[in-house]
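Trainee: For reference, the structure I am asking about is given below.
The values are calculated or read from the model by the stated rules, or taken from the named source; none is laboratory data. Just so it is clear, the structure is predicted and the values come from calculations on it, not from any experiment. Virtual Cβ from ideal backbone geometry, glycine too; neighbours counted across all protein chains shown.
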Amino acid sequence: MKTETFRYDNRIVRAFAIATMVWGIVGMSAGLLAAVQLFWPEANLSLQFVTFGRLRPLHTNAVIFAFVGNGMFMGVYYSLQRLCKARMFSDALSWINFWGWNAIIVAAALTLPLGFTTSKEYAELEWPIDLAITLIWVAFAVNLFGTIAKRREKHLYVAIWFYIATAVTVAVLHIVNSLEVPAGAFKSYSIYAGVQDALVQWWYGHNAVAFFLTTPFLGLMYYFLPKAANRPVFSYRLSIIHFWALIFLYIWAGPHHLLYTALPDWAQSLGMVFSVMLVAPSWGGMLNGLLTLRGAWDKVRQDPVLKFMVVAVTAYGMATLEGPMLSIKSVNSLSHYTDWTIAHVHTGALGWNGFIIFSMLYWLVPRLWRTPLYSLKLANWHFWLGLLGIMFYAIPMYWAGVTQGLMWKQFTPDGFLQYPNFLETVMQIVPMYRLRAIGGTLFLVGTIVGVYNLVRTMRSGVFEPDTEAQAVVQAEASGAAEHGHRWIESKPALFTLLATVAILIGGAVEIIPMFLIRSNVPTISSVKPYTPLEVLGRDLYIREGCVGCHSQMIRPFRSETERYGEYSKSGEYVFDHPFLWGSKRTGPDLQREGGRYPDAWHYNHMEDPRSVSPGSIMPPYPWLYTQTLDTNALPARIAALRKVGVPYPPGFENGEAQKQLAAQAAKIVVNLRVGSITNAAPNAEIIGLIAYLQRLGTDIKSAPAAADAGDGSVPVAALNPNPVR
């Protein structure tokens, strides 16, 4: 057989490794600042660019796409070359991937604090950046499949299966969820509305966790864990079952984020059933990883690489058991909207993703720089600080979550809410927020110690830009006849096709009926489009990240209808582009906020929350009183909303919209004067936000549901959407 000599490219691995360390510190620092603001709101220094609402999406994007994303690319670019016994398909594409990805992250770091956001979790970046993500992901995919095509190793190792599934699925998820109509340079509206938007978003959101934070790192586990332990993977057959079952089942699970919402029950049930089924393949992968270490536990105690890896795989097992448990409706009724979910997410993010990335860094850096690790003692300090940080973070959040859920549902013996004031639950868990910040500090300090250790290791060695290797070329047609999975492993095109089919089935079954079957979203005749002033106010609500703390979805529980009002109906949201149901209640639900308080209350509340709600942890928003409404953007926004299906009359934006806006603003100013506020400017941003808040829930009123009219609509008595108070 022919033997060829070639070189692996280590420069691209080095670039992603350095970016991983830098963005890790940045993303975790942003998270720590956000955590501190939840018990000390003044930590934003009255700067509108670092309030919790704007900082939270910056933190999640920096950790997920900057820290974890660069770590993923680092591991893939190192392992893929060696598994394929080939240099990357194109050095140019490798660097386009690196610089393009990190330019996207910089763009996110600039635009999110400025308030340019779609509000859709893990997909907040606006349309120009979405286009850039698409192009860079295509560059990565071409490089991935090009390298596989020119491989010198006939069979695809298990790690590559997960890389293929990641490349295909992330592309599908991003494109489908990011379909939007631009309404300006950094403003767009989702083509989906309300319930449909919620389903598509959480199909994306859950599977972004699955196929960006999980599948590529399972592939990296299958490569680096056996390498570090110097042992083969425990079970080849188990890896086959793990892979195919996981990618098929995962894609169905998105609706478990929407249990007890206005999403049709059949979709909720599908999400719950497939989520519970996910325990089997997930734990199959965990056991395959841990059992690979059988007989190597003495080495685990001494090797920081294996220490981090064992905790990572264990955290993966814990998170993938807890996730299905939280998908059971009875459990979800207690946990959803609470800090329990935050604890769950961070067990995976810090324990699974964080520790496996640190494990890879500790394995890669000494080899790329051809030198021993600078300090084993510092690596151990990093490990224990990180592990303690996870515990100090997660345990208080579990405590806070259960406390919230129980207090929200508690009734007195006489049948009244035990804690009718939402603020009572907030004040009860503030000590847990302080402990959470201590945990975040420990984890961040551990990361800084680890980065220092790795940088000192780099400085003490000599970087090897290219590693020379030799391999025997294995022609695909050579050798004895193969059957089953071994045969599929030698056919990357077929393998990719089968993986694509596996991940498309679940999404298609859940999403397509939501658009084709009208009864899934019955209309309500009294629900009308937002007025021009309310459109601008809603956009301000999105800009300030209010959805990060407030939900707009009242679930059909007595505890919620007693506290907030009539439970939410799917037809209420048909003009909501995007939906704003939220996923966490740091503050109360706002779906029935309209008319609950006079305009002056909202004016004072946004200026100084503690003046009307003593003990509130909400920050003030003084810039809303000095910044003017961007009425020049209104025509483009009305036109864009019409394109996505909101029935504004043709030409409405060319004059009539401005007149209606001015008239409604003037009414609000009159209402504020009644509340002894005489200095309110009709063109101030606060006026638009008040208009939107006072609209919420006023299209319908609590009343016995009328009989279905037979045409898919449900007639409900309407309230005046713009009352003068």
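Trainee: With respect to E424, is the statement that it is touching a Lys or Arg at 6+ places or on another chain (Cβ under 6 Å) and either in the same structural domain as V300 (by TED's automatic domain parsing) or in a loop (DSSP other than H, G, I, E, B) (or both) true?
Mentor: Working: touching a Lys or Arg at 6+ places or on another chain (Cβ under 6 Å): no; either in the same structural domain as V300 (by TED's automatic domain parsing) or in a loop (DSSP other than H, G, I, E, B) (or both): yes.
Here the answer is no, as E424 does not meet what is asked.
Trainee: Just one of the numbered conditions (1) surrounded by fewer than 21 Cβ atoms within 10 Å (Cβ to Cβ); (2) at pLDDT 95 or above; (3) under 30 Å from Y157 (Cα atoms) is not true of N10; which one?
Mentor: It is condition (1) that N10 fails.
Trainee: Here is a follow-up. Does T292 satisfy the criteria of being farther than 30 Å from P522 by Cβ, touching a residue at least 40 places away in the same chain (Cβ under 8 Å) and of a type in the set (V, I, T)?
Mentor: For T292, the condition - farther than 30 Å from P522 by Cβ, touching a residue at least 40 places away in the same chain (Cβ under 8 Å) and of a type in the set (V, I, T) - is met.
Trainee: Looking only at segment 608-634, which residues are within 30 Å of the chain's Cα centre (by Cα) and closer than 21 Å to S551 by Cα?
Mentor: P609, G615, S616, I617, M618, P619, P620, Y621
Trainee: Are there any pairs with C-beta distances below 6 angstrom linking a residue in segment 214-239 that is free of Cβ contacts under 8 Å to residues at least 60 places away in the same chain to a residue that is crowded, with 23+ Cβ neighbours inside 10 Å, with the two at least 6 apart or on different chains, and if so which?
Mentor: Here the result reads T215/F162; T215/A165; T215/T166; S235/N288; L238/N288, each pair linking segment 214-239 to a residue that is crowded, with 23+ Cβ neighbours inside 10 Å.
Trainee: Among the numbered conditions (1) surrounded by fewer than 24 Cβ atoms within 10 Å (Cβ to Cβ); (2) out of contact with any Phe, Trp or Tyr (no Cβ under 7 Å at 6 or more places or on another chain); (3) within 28 Å of A267 (Cβ to Cβ); (4) at pLDDT 95 or above, tell me where F145 comes up short.
Mentor: (3)
Trainee: Against the definition (at pLDDT below 95 and either out of contact with any Phe, Trp or Tyr (no Cβ under 7 Å at 6 or more places or on another chain) or among the small types (G, A, S) (or both)), how does T523 come out, yes or no?
Mentor: Details: at pLDDT below 95: yes; either out of contact with any Phe, Trp or Tyr (no Cβ under 7 Å at 6 or more places or on another chain) or among the small types (G, A, S) (or both): yes.
Criteria met by T523.
Residue-wise test of (1) of a type outside the set (V, I, T); (2) out of contact with any helix residue (DSSP H, G or I) (no Cβ under 8 Å at 6 or more places or on another chain); (3) over 22 Å from V138 (Cβ atoms).
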| site | (1), (2), (3) |
| --- | --- |
| A35 | yes, no, yes |
| E42 | yes, yes, yes |
| L58 | yes, no, yes |
| V63 | no, no, yes |
| C84 | yes, no, no |
| S90 | yes, no, no |
| G100 | yes, no, no |
| A103 | yes, no, no |
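Trainee: Next question. I'm trying to understand the selection: among the residues of segment 552-580, which are of a type outside the set (V, I, T), crowded, with 20+ Cβ neighbours inside 10 Å and in contact with a helix residue (DSSP H, G or I) (Cβ under 6 Å, 6 or more places away or on another chain)?
Mentor: Within segment 552-580, S570, Y573, D576, P578, F579, L580 qualify.
Trainee: Sticking with this one: Would you kindly identify the helices (runs of 4 or more DSSP H) lying entirely within segment 304-351 that contain at least 1 residues that are more than 13 Å from I390 (Cβ to Cβ), within 16 Å of the chain's Cα centre (by Cα) and not small (G, A, S)? Walk me through it before giving the result.
Mentor: Details: elements: 304-326, 329-335, 339-346.
Once the helices (runs of 4 or more DSSP H) in segment 304-351 are filtered for at least 1 residues that are more than 13 Å from I390 (Cβ to Cβ), within 16 Å of the chain's Cα centre (by Cα) and not small (G, A, S), what remains is 339-346.
Trainee: Applying the selection to segment 249-269, what residues are more than 16 Å from the chain's Cα centre (by Cα) and either outside any loop (DSSP other than H, G, I, E, B) or among the aromatic types (F, W, Y) (or both)?
Mentor: Hits for segment 249-269 are L249, W252, Y260, D265, W266, A267, Q268, S269.
Trainee: For segment 24-55, how many residues meet the condition of being outside any helix (DSSP H, G or I) and of a type outside the set (A, V, I, L, M)?
Mentor: 4
Trainee: Condition test on L246, is it part of a helix (DSSP H, G or I), closer than 30 Å to I328 by Cα and either in contact with a Cys (Cβ under 7 Å, 6 or more places away or on another chain) or at pLDDT 95 or above (or both)?
Mentor: It is true that L246 is part of a helix (DSSP H, G or I), closer than 30 Å to I328 by Cα and either in contact with a Cys (Cβ under 7 Å, 6 or more places away or on another chain) or at pLDDT 95 or above (or both).
Trainee: Identify all residues within segment 486-521 that are over 19 Å from L156 (Cα atoms) and buried (at least 17 other Cβ atoms within 10 Å of the Cβ); write none if there are none.
Mentor: Of everything in segment 486-521, those that are over 19 Å from L156 (Cα atoms) and buried (at least 17 other Cβ atoms within 10 Å of the Cβ) turn out to be I503, G506, G507, E510, I511, M514, N520, V521.
Trainee: Let me ask you something else. Which one of W99, W95 is free of Cβ contacts under 8 Å to residues at least 24 places away in the same chain and of a type outside the set (S, T, Y)?
Mentor: So the residue among W99, W95 that is free of Cβ contacts under 8 Å to residues at least 24 places away in the same chain and of a type outside the set (S, T, Y) is W99.
Trainee: Is there a residue in segment 137-148 that is farther than 20 Å from G53 by Cα, in contact (Cβ under 8 Å) with a residue 24 or more places away in the chain, in contact with a Ser or Thr (Cβ under 9 Å, 6 or more places away or on another chain) and among the hydroxyl-bearing types (S, T, Y)?
Mentor: Yes.
Trainee: Something else about it: Taking only segment 528-541 into account, find how many residues are surrounded by 22 or more Cβ atoms within 10 Å (Cβ to Cβ) and among the β-branched types (V, I, T).
Mentor: The number of residues fulfilling the criteria is 1.
Trainee: Condition check: under 21 Å from the mean Cα position of the chain (by Cα) and surrounded by fewer than 24 Cβ atoms within 10 Å (Cβ to Cβ). Does M277 satisfy that?
Mentor: no
Trainee: Of everything in segment 280-302 that's surrounded by fewer than 20 Cβ atoms within 10 Å (Cβ to Cβ) and not hydrophobic (A, V, I, L, M, F, W, C), which residue is modelled with the highest pLDDT?
Mentor: Taking the candidates together, the pick is G284.
Trainee: (1) touching a Phe, Trp or Tyr at 6+ places or on another chain (Cβ under 8 Å); (2) farther than 24 Å from T447 by Cα; (3) surrounded by fewer than 24 Cβ atoms within 10 Å (Cβ to Cβ): which one isn't true of E4, the others all being true?
Mentor: The number of the failed condition is (1).
Listed here are the residues, each with its yes/no results for (1) in contact with a strand residue (DSSP E or B) (Cβ under 9 Å, 6 or more places away or on another chain); (2) of a type in the set (F, W, Y); (3) free of Cβ contacts under 8 Å to residues at least 12 places away in the same chain.
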| residue | (1), (2), (3) |
| --- | --- |
| N380 | no, no, no |
| W399 | no, yes, no |
| G405 | yes, no, no |
| T425 | no, no, no |
| V430 | no, no, no |
| G446 | no, no, no |
| V449 | no, no, no |
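Trainee: Can I ask one more? Condition (residue is surrounded by 14 or more Cβ atoms within 10 Å (Cβ to Cβ), in contact with a Ser or Thr (Cβ under 9 Å, 6 or more places away or on another chain) and either in the same structural domain as D599 (by TED's automatic domain parsing) or not in a helix (DSSP H, G or I) (or both)) applied to segment 647-656: is it met by at least one residue?
Mentor: no
Trainee: Being under 22 Å from the mean Cα position of the chain (by Cα), over 30 Å from Y78 (Cα atoms) and surrounded by 14 or more Cβ atoms within 10 Å (Cβ to Cβ) narrows it down to one of I390, I429, I438, I395, so name that one.
Mentor: Answer to the selection: I395.
Trainee: Just to be sure before I move on: is P682 part of a loop (DSSP other than H, G, I, E, B), at pLDDT 95 or above and outside the structural domain of A193 (by TED's automatic domain parsing) in the structure I sent?
Mentor: yes
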